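Trainee: Right, I'll just put the structure down here and ask away after.
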Amino acid sequence: MRRPVALAVATLLALSTAARARADDPPEGDVEAVKVQGPARHDGGTATQVVTLDPRDARTQPSVGASLERSSSFFGSSDSRGERILSYRGFDQRRLSVFVDGIPMYVPFDGQADLAKIPAELVSRVHVVSGSGAFLIGPNGLGGALHLVTREASETPELRASTEVAPFRAARTAGSLDFRSGPLSVVVGGSLQGVRAVPLSADFQPLPNQDTGDRTNSDYRAVSVLGKATWDFTPKERIAVSLFRVQGEYGVPPGTRDLTVRYWRWTDWESTNLGIRHEHTHGPLVLSEAVYLSHFGNLLDAFDDARYQTQRLPKAFHSIYDDLTVGAIVRGHATFPLPTGEGELAVRTWLGLKRDRHLATADRNAPEVRVATTLGTASAEVDAALLRRTLRGTVGLQLDGELPEQPPQGTAPDGSAALGPMGSLSYLLQKRVTFTASAAQRTRFPTLRERYSTVFGARAANPSLGPEHATNLSFDVAVALSPSTHLAGGVFYSQLRDLIQSVYIAPQVDQLQNVGVGRNVGFELTGRTTLLRKIDLALSATVLSQRTGEAATTPVPNAANPRATAVVTVRPFPFLRGSAVARYRGAQPFLNPDTGVPGRLGGALLVDARVDLDLGRSLRTWLRATNLLDTNVEGRYSFPEAGREVFAGVATDATF
């Protein structure tokens, strides 16, 4: 990894409550946020949420992924490559569309977007839309969309700086500068973090591949940079340029119970996202055009033993990936009042085209692999608000198409297309209760890895692999009991077909084929209230049933159920604030990757806490702890969760 030579700058932010938001009202300072994620045509329930980032909440976590895990809607676990895999309503991140400021973000080879590598300092909020409410988001949003909105410039120039340490274990430094000057607004920032090791719980029992104390090979170092500039030519025209980059070196802890130990490290991992966006308004019509480039490069090294120094044995390798996505998106939005004067009609369109390319060398002397595919999307929707906007209906249609390119060797892959109708109906009763029903047909095309990877000779490639399909339904209710008390709930159902699953074809050789069906059924409940103007309470719970297999009767492994989160925030004095998050993760089935024997892991309670103290003159300090009870959680078979960690920090904000 190239060592950083200067202090990175960014803003320390952290997660606050996953609250309901009016998805048809664009967030202040971000004209693209709602249009990008596909505005949901309802004001309540759990199918659309906005997760905001608050620098003084116990949900403050170093990464966006860890922050989202503090919501019961999400479940996170580590995998054998050291990546943190999130799932939402039973859909993993390959089946979610992920955007950063309107730019698609995922590794073209495997479709993953490891949000654990995205610093929370750089992101102000995350828009979450379920598969039934995901409109105009482009291809591959089988289960919905996540839209990360980075920081915006404030009205007055502001400089922020912060640092946080866990003595002898970890350190993070961040800062940012933003300003507006006439039609120009600028945000520059970044963060620098280093972790020596991740601790295990004191209750962790030694295993053949892992002793007590620190997690083996769990260190990492990373630097992140954000740059955004927006120029308003006129009140009706603007252009924006953004750059978002993350680079680091990450250890890959071995499986504690694996029969075959892997001594792996991401010697260099980098992600660069560059976007240019132009928006202009002509009467009722708003047009937005964007071009973007995303580059993902990494170097994965496998070593001979736990010293992580030599690569002489046959199992060692030096694998280089170089992935690139280039694309363009054109969006249109027009709103017209109805002749009766008691409503409005909105028309929205999306046209998108992108090309994914994967270039790799599996080892120093291995031949180069080059594969690519092109995906296109055309969609439109009509949204009508009637009866003084108490009744809102939306219908839409999306056409996705894929044209894989012919690889240098092997069978020519087949192109495919999919049509996805969508619709929702929402009713507001007495300005206090909202009922919403939504339905959508979604599609995910195979990743380049699913088509072409041979897994070191243990898998037969399948260039003709087809897309997966899902029919997503949801019914949501939101109730405003008072200005400070809100309840929301939703039930959801997803019927999956043509799932990509492994099929035995020869001794020690499998192949991925479209043979699976699945079913995700569940409900979510959220609530929040304020007591005595000093105590905020937030609750959320999710119950999910996931089944897969030929008859959709086999439980899906590695998904805890049920899940619940309780958040308490107390502000006894203007200068003092404390908060705590209690998370319950229910039991989860697992499948031993070496033996294929199923098992079950028990439930666990995890508690995070935080105390903030304002010292005056824009200076504050804090103390926070994660897994305060030091619970031993084997979050996924062979990959235990971190034990107790305590951090102390200080930050200053200055305006001028």
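Trainee: Only one of Ser271, Ser218, Ser242, Ser224 is surrounded by 18 or more Cβ atoms within 10 Å (Cβ to Cβ) and over 20 Å from the mean Cα position of the chain (by Cα); which?
Mentor: Every option except Ser218 fails the conditions.
Trainee: Are there any pairs, at least 6 apart or on different chains, whose C-beta atoms fall under 7 Å, with the first in segment 500-513 and within 12 Å of Ser453 (Cα to Cα) and the second among the hydroxyl-bearing types (Ser, Thr, Tyr) and exposed (fewer than 15 other Cβ atoms within 10 Å of the Cβ), and if so, which?
Mentor: If the second residue must be among the hydroxyl-bearing types (Ser, Thr, Tyr) and exposed (fewer than 15 other Cβ atoms within 10 Å of the Cβ), the pairs left are Asp510/Ser502; Asp510/Tyr504; Leu512/Ser502.
Trainee: Which fully enclosed strands (runs of 3 or more DSSP E) of segment 57-132 have 1 or more residues being in contact with an Asp or Glu (Cβ under 9 Å, 6 or more places away or on another chain) and free of Cβ contacts under 8 Å to residues at least 60 places away in the same chain?
Mentor: Passing ranges, in order: 84-88.
Trainee: Also, quick follow-up: Looking for whichever is part of a strand (DSSP E or B), of a type in the set (Val, Ile, Thr) and more than 25 Å from Leu532 (Cα to Cα) here; the options are Thr595, Thr621. Which one fits?
Mentor: Matching residue, one of Thr595, Thr621: Thr621.
Trainee: Within segment 376-406, restricting attention to residues that are in contact (Cβ under 8 Å) with a residue 12 or more places away in the chain and not in a strand (DSSP E or B), which residue is farthest from Ala439 (Cα to Cα)?
Mentor: This residue is Glu405.
Trainee: Filter segment 208-221 down to residues that are in contact with a Pro (Cβ under 9 Å, 6 or more places away or on another chain) and not in a loop (DSSP other than H, G, I, E, B), then give me how many there are.
Mentor: 3
Trainee: Something else now. Looking only at segment 609-643, count how many residues are more than 20 Å from Gly213 (Cα to Cα) and not aliphatic (A, V, I, L, M).
Mentor: 10
Trainee: Output the residue which, of all residues in segment 22-56 that are part of a loop (DSSP other than H, G, I, E, B) and under 28 Å from Arg624 (Cα atoms), is modelled with the lowest pLDDT.
Mentor: For segment 22-56, the residue satisfying everything is Pro55.
Trainee: Hey, among Thr373, Thr361, which residue is closer than 27 Å to Tyr452 by Cα, polar (S, T, N, Q), in contact (Cβ under 8 Å) with a residue 12 or more places away in the chain and buried (at least 18 other Cβ atoms within 10 Å of the Cβ)?
Mentor: On inspection, the qualifying residue turns out to be Thr373.
Trainee: Give the residues of segment 629-656 that are in contact with a strand residue (DSSP E or B) (Cβ under 6 Å, 6 or more places away or on another chain), over 21 Å from Pro254 (Cα atoms) and part of a loop (DSSP other than H, G, I, E, B), sorted by residue number.
Mentor: Leu629
Trainee: Considering (1) in contact with a Pro (Cβ under 7 Å, 6 or more places away or on another chain); (2) basic (Lys, Arg); (3) buried (at least 17 other Cβ atoms within 10 Å of the Cβ), say which one Lys534 fails and leave the rest.
Mentor: (3)
Trainee: Check segment 558-574 and report whether any residue there is within 16 Å of Ser67 (Cα to Cα), crowded, with 20+ Cβ neighbours inside 10 Å, among the hydroxyl-bearing types (Ser, Thr, Tyr) and in contact (Cβ under 8 Å) with a residue 12 or more places away in the chain.
Mentor: Yes: segment 558-574 contains one or more residues that are within 16 Å of Ser67 (Cα to Cα), crowded, with 20+ Cβ neighbours inside 10 Å, among the hydroxyl-bearing types (Ser, Thr, Tyr) and in contact (Cβ under 8 Å) with a residue 12 or more places away in the chain.
Trainee: Of the residues that make up segment 483-494, is at least one among the aromatic types (Phe, Trp, Tyr), under 17 Å from Val128 (Cβ atoms) and under 22 Å from the mean Cα position of the chain (by Cα)?
Mentor: Within segment 483-494, one or more residues are among the aromatic types (Phe, Trp, Tyr), under 17 Å from Val128 (Cβ atoms) and under 22 Å from the mean Cα position of the chain (by Cα).
Residue by residue, here is whether (1) within 28 Å of Ser474 (Cα to Cα); (2) not polar (S, T, N, Q) holds:
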residue	(1), (2)
Asn561	yes, no
Thr565	yes, no
Ala580	no, yes
Leu591	no, yes
Thr595	no, no
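Trainee: Examine segment 450-461 for a residue that is without any contact (Cβ under 8 Å) to a residue 60 or more places away in the chain, of a type outside the set (Ser, Thr, Tyr), buried (at least 18 other Cβ atoms within 10 Å of the Cβ) and not in a strand (DSSP E or B), and state whether such a residue exists.
Mentor: Looking through segment 450-461, at least one residue is without any contact (Cβ under 8 Å) to a residue 60 or more places away in the chain, of a type outside the set (Ser, Thr, Tyr), buried (at least 18 other Cβ atoms within 10 Å of the Cβ) and not in a strand (DSSP E or B).
Trainee: Being part of a strand (DSSP E or B), farther than 24 Å from Asn298 by Cα and hydrophobic (A, V, I, L, M, F, W, C) is the requirement here; does Val186 meet it?
Mentor: Judged against the criteria, Val186 is a match.
The values are calculated or read from the model by the stated rules, or taken from the named source; none is laboratory data. Remember, it's a predicted structure, so these values are computed and weren't measured experimentally. Neighbour counts are summed over all protein chains in view; Cβ atoms, including those assigned to glycine, are modelled from backbone coordinates with ideal geometry.
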